[in-house]
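The values are calculated or read from the model by the stated rules, or taken from the named source; none is laboratory data. The shown structure was predicted, so the numbers you read here are calculated from the model rather than taken from an experiment. Note that we place each Cβ from the backbone using ideal geometry, even for glycine, and neighbour counts take in every protein chain shown.
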Amino acid sequence: MTATAASGLQLASARPCIASSRRVFKAGAANLDVNSKAVSWTKLASACHLSQSLEPFRRSFASSSVKFNKVVIKAMSESSENKPVSGLPIDLKGKRAFIAGVADDNGYGWAIAKSLAAAGAEILVGTWVPALNIFETSLRRGKFDKSRVLPDGSLMEITKVYPLDAVFDNPDDVPEDIKTNKRYAGSANWTVKEVAESVKQEFGSIDILVHSLANGPEVSKPLLETSRNGYLAALSASSYSYVSLLKHFIPLMNPGGSSISLTYIASERVIPGYGGGMSSAKAALESDTRVLAFEAGRKHKIRVNTISAGPLRSRAAKAIGFIDTMIEYSIANAPLQKELSADEVGNAAAFLASPLASAITGAVIYVDNGLNAMGVGVDSPIFKDLNIPGEKH
Ligand code: NAD
């Protein structure tokens, strides 16, 4: 996926599909003329790499006694339906996003903010209170200017930075030692409920909610050595924080809105070193994604998805201590042998936030160069005689 200057974000990899089937598939309100000679199901399916998902349509049309002349596939937001568009643009103009968990320009939260901004969304961020001062100062002094550059050359604007501590829902929850802690002294209204109220007061509504935060104080301890407090703290900061954010922000989310969190494969496969209950926290986050998708979908027409991201050298990941090893491991063993860039996750998030993903909810979407698909580590000496294709590292 790449971003282009002309029309915000474009799904470049989808282009050959659109181009090769231009007569039957127009972005906007696309017409699929099933009687036309232009429709070759196998051609369309293979061009779009969609053979599995198109097969049920093909079968139902083939067996149907009813003649359908036109099937309208709505792929875009209403505003763009009547405009001629080329490619398949991700258009988030007029949308507002709140991204919780941005405190520098190295993490997934920043990359997601940039992709959403490139697609036209207005950006609000929530920054952990102890990191707020240095983040705002760095932003003001231009330290992030290089990484604020968007595909069209402009700089990403962050309309407002809110102090946030996502382990506290309302002021009554805040213990005395935090209230009197000097790292919290200069900030106010940073519990989840208060932040949601402030955003409502100042902006009215949002369309996109992103949870890009996690914390496990005992992450370097194996699960067997993790204390109850450490385990519960990991779940509070990394899983319940999402439930709480959604609960408090849903009342100000417009119907059709989208919510995204970030998870890690350690929820479903053993990753030694990712301890302290963090693997459990990610498992909870993924399970909650399904339940929240149901509840928020039924009641508020809001979609809820999580991105299972590959390893990135973020501040949080560096603190865990073995991120370089995980990046090397991925390059050696994943189907795609390249280092994952944060932008690839940002672009996937922009897609999930957009009307292009209007039927995707309750899903764990892997953005990890395909590492999740592997059942073995192919760099093991055990496989040395197998002649496995790929670069040796
Ligand atoms: P990051 O350091 O950029 O982001 C983590 C953020 O969480 C920081 O900004 C930190 O200040 C914030 N935070 C911690 N506790 C908080 C609290 N109580 N309230 C509010 N904010 C709080 O690191 P990242 O790796 O980009 O992490 C973002 C998300 O991506 C996390 O959910 C992480 O588990 C997930 N993830 C990361 C990787 C990776 O390899 N980096 C892989 C898969 C998933």
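Points worth noting:
- Scanning region 92-110 for residues that are buried (at least 24 other Cβ atoms within 10 Å of the Cβ) and over 22 Å from Asp165 (Cβ atoms) gives a single hit, Leu92.
- In region 87-106, the residues that are among the aliphatic types (A, V, I, L, M), more than 8 Å from the ligand (Cβ to nearest atom) and in a strand (DSSP E or B): Ile90, Ala97, Ile99
- Residues that are surrounded by 22 or more Cβ atoms within 10 Å (Cβ to Cβ) and outside any loop (DSSP other than H, G, I, E, B), drawn from region 266-278: Met278
To keep it simple, each residue is scored yes or no on (1) modelled with pLDDT of 95 or more; (2) of a type in the set (Val, Ile, Thr); (3) surrounded by 15 or more Cβ atoms within 10 Å (Cβ to Cβ).
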residue	(1), (2), (3)
Asn333	yes, no, yes
Asp343	yes, no, yes
Leu352	yes, no, yes
Leu356	yes, no, yes
Ile365	yes, yes, yes
Asp368	yes, no, yes
Asn372	yes, no, yes
Asp379	yes, no, yes
Pro389	no, no, no
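- Region 338-363 residues that are assigned to a loop (DSSP other than H, G, I, E, B), paired with ones that are modelled with pLDDT under 95 and surrounded by fewer than 21 Cβ atoms within 10 Å (Cβ to Cβ) (beta carbon under 8 Å, 6 or more apart): Ser354/Ser77; Ser358/Lys74
- Candidates Pro84, Pro130, filtered to the one that is surrounded by fewer than 24 Cβ atoms within 10 Å (Cβ to Cβ), in a helix (DSSP H, G or I) and either over 14 Å from the mean Cα position of the chain (by Cα) or at pLDDT 95 or above (or both): Pro130
- Among the residues of region 146-180, those identified as within 16 Å of the ligand (Cβ to nearest atom) and surrounded by fewer than 13 Cβ atoms within 10 Å (Cβ to Cβ) are Pro175, Asp177, Lys179.
- Criterion applied to His248, His211 was being buried (at least 20 other Cβ atoms within 10 Å of the Cβ) and more than 10 Å from the ligand (Cβ to nearest atom), and the one residue passing it is His248.
- Checking each residue in region 107-117 for being of a type outside the set (Phe, Trp, Tyr) and more than 6 Å from the ligand (Cβ to nearest atom) picks out Ala111, Ile112, Ala113, Lys114, Ser115, Leu116, Ala117.
- Just one of the listed residues (Gly310, Gly277, Gly256, Gly273) is away from the ligand (no atom under 15 Å from the Cβ) and modelled with pLDDT of 95 or more, and it is Gly256.
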